[in-house]
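Q: Okay, handing you the structure first.
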Amino acid sequence: MPIRSTVILGTGSYAPERVLTNGELSHTVDTSDEWIRTRSGIRERRIAAPDEATSDMAVQAARRALEDARLAAADIDLLVVATMTPDLPMPAVACIIQQKLGVRTAAACFDLNAACSGFVYALDTACAMIASGRYQKALVIGVEKLSTIVDWQDRTTCVLFGDGAGAAVIGASSEPGIGLIGTRLGASGDSVDLLYISHGGSSAPSTAESIAARAHCMRMKGKEVFKQAVRVMDDAAREILEQHQLHADQISHVIPHQANLRIIEAISQYLELPMDRFFVNVDRYGNTSAASIPIALDEARRAGRIKPGDLTLLVAFGAGLTYGSALIRW
Ligand code: UT7
């Protein structure tokens, strides 16, 4: 079957109503607004309501993306959801979203877990499936309810994360050289111990003791993750530019994974690209993992920052460690 160009037809995002400020967190753990702001750039994050599941947030973002693309859920024949916080261990949250959103029964629906790089992995997967000609319209969602896997007594992690969802609708185009023009995905499994959840999986199912010890929550070696993040994001950005014989200066805007403002500033320095080319919203949402890039992409588009002909670079890293970059020509 012919390989076709794949384009983003619409985007949408959703953030839960509840805003949790740094000031509020300083009443529950030994931290301060000043520490969180200067070390991470985060001022506040959103927290999903107890009865608001990952699928509910995903459906909100997906509806907005479909509306933006002027398509209906029934037009979708492929649904890929990047998340590490699905509603349930099984079935895939993609199937729950399919049912809530009204995506047709025959559509292919599955989850994918590449932690914070999940959206870039899901975008590449969906675009390859559309490019093959076997699928026509895909919905790609990055969504997380990280508040359920954060240890709210651990000040080294709980101040960094938030909940949210972002989505993109993908279709084919006969015009060459537009849409997703390239991706670079990778992983280094020798760093699995930098960011992980030790219990609740097949190697160590949850027990009453593990839950009491909050071993079902995220643990992170923050300093080491920071160093690796800067290195792999810089590499992922450089490699994709080299592959496409482009210079960093030709990038109109970078949509980086929103984990820490200092990581984004370091990438800006390494690539010698001014910060005004980087879209930043980590101050308002914290790190929403797989949702971070699609929320930022949607906000950048809705703010009118992306024009036809622009070149956008997405660049992410996450637990695994996974990393990925993608180039989009609008
Ligand atoms: O998507 C991937 C997700 N992860 C990341 O992107 C995380 C990457 N890492 C980071 O963003 C940074 O390493 C952090 C923001 C997590 C930490 O910043 P840092 O500058 O690397 O601080 P640090 O870990 O070296 O901690 C400095 C001090 C320590 O105290 P001592 O040992 O110097 O006395 C920490 O115990 O800050 C202390 N600390 C805190 N103090 C107030 C750690 N967390 C907090 C806190 N409030 N929330």
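Just so it is clear, none of the values below were taken in a lab; they were calculated from the coordinates. Computed from a predicted structure; not experimentally measured. For neighbour counting, all protein chains shown are included, and Cβ atoms are generated from backbone atoms with ideal geometry for every residue, glycine included.
Q: In the chain, what % of DSSP beta bridges are antiparallel (nearest 5)?
A: 70 percent
Q: On to the next question. Give the order of MET275, MET129, MET90, MET233 when sorted by the count of other beta carbons within 10 angstrom, beginning with the fewest.
A: Final ranking by Cβ density, sparse to dense: MET90, MET275, MET129, MET233.
Q: Out of segment 16-118, which GluC sites (Glu not before Pro) are coil in DSSP terms and have no more than 12 other C-beta atoms within 10 Å?
A: GLU17
Q: What is the magnitude of the charge dipole of segment 180-329 about its Cα centre, with +1 placed on the Cβ of each Lys and Arg, -1 on the Cβ of each Asp and Glu, and no other charges, expressed in debye to the nearest 20?
A: Its charge dipole is roughly 300 debye.
Q: What net charge is computed for the residues neighbouring THR21, neighbours being all others with C-beta under 10 Å from the C-beta of THR21, Lys and Arg scored +1, Asp and Glu -1?
A: Summing Lys and Arg as +1 and Asp and Glu as -1 gives -1.
Q: Only sites in a loop by DSSP and with at most 14 other Cβ atoms within 10 Å count here; which GluC sites (Glu not before Pro) in segment 235-306 make the cut?
A: Within segment 235-306, the qualifying GluC sites (Glu not before Pro) (loop, at most 14 other Cβ atoms within 10 Å) are GLU272.
Q: Summing -39500 (n - 2.57) over the DSSP H runs of n ≥ 4 in the chain and dividing by its residue number, what mean residue ellipticity at 222 nm do you reach, to the nearest 500 deg cm²/dmol?
A: Computed mean residue ellipticity for the chain: -9500 deg cm²/dmol.
Q: Let me ask something else about it. Can I get the semi-axes of segment 180-329's equivalent ellipsoid? Compute them from the C-alpha gyration tensor as square roots of 5 times the eigenvalues, in angstrom, largest first.
A: 32, 16, 13
Q: Which loop trypsin sites (Lys or Arg not before Pro) in segment 50-79, with loop taken from DSSP, have no more than 12 other Cβ atoms within 10 angstrom of their Cβ?
A: ARG70
Q: Now a separate question. What is the distance, in nm, between label points placed 7 Å from the Cα along the Cα-to-Cβ direction at SER132 and at THR105?
A: Going by the 7 Å Cα→Cβ label model, 2.4 nm.
Q: What is the distance in Å between the Cα centroid of segment 198-242 and that of segment 118-138?
A: Here the two parts' Cα centres lie 26 Å apart.
Q: Still on this structure, please answer the following. Magnitude of the Cβ-charge dipole of the chain, K/R +1 and D/E -1, about the Cα centre, nearest 20 debye?
A: 440 debye
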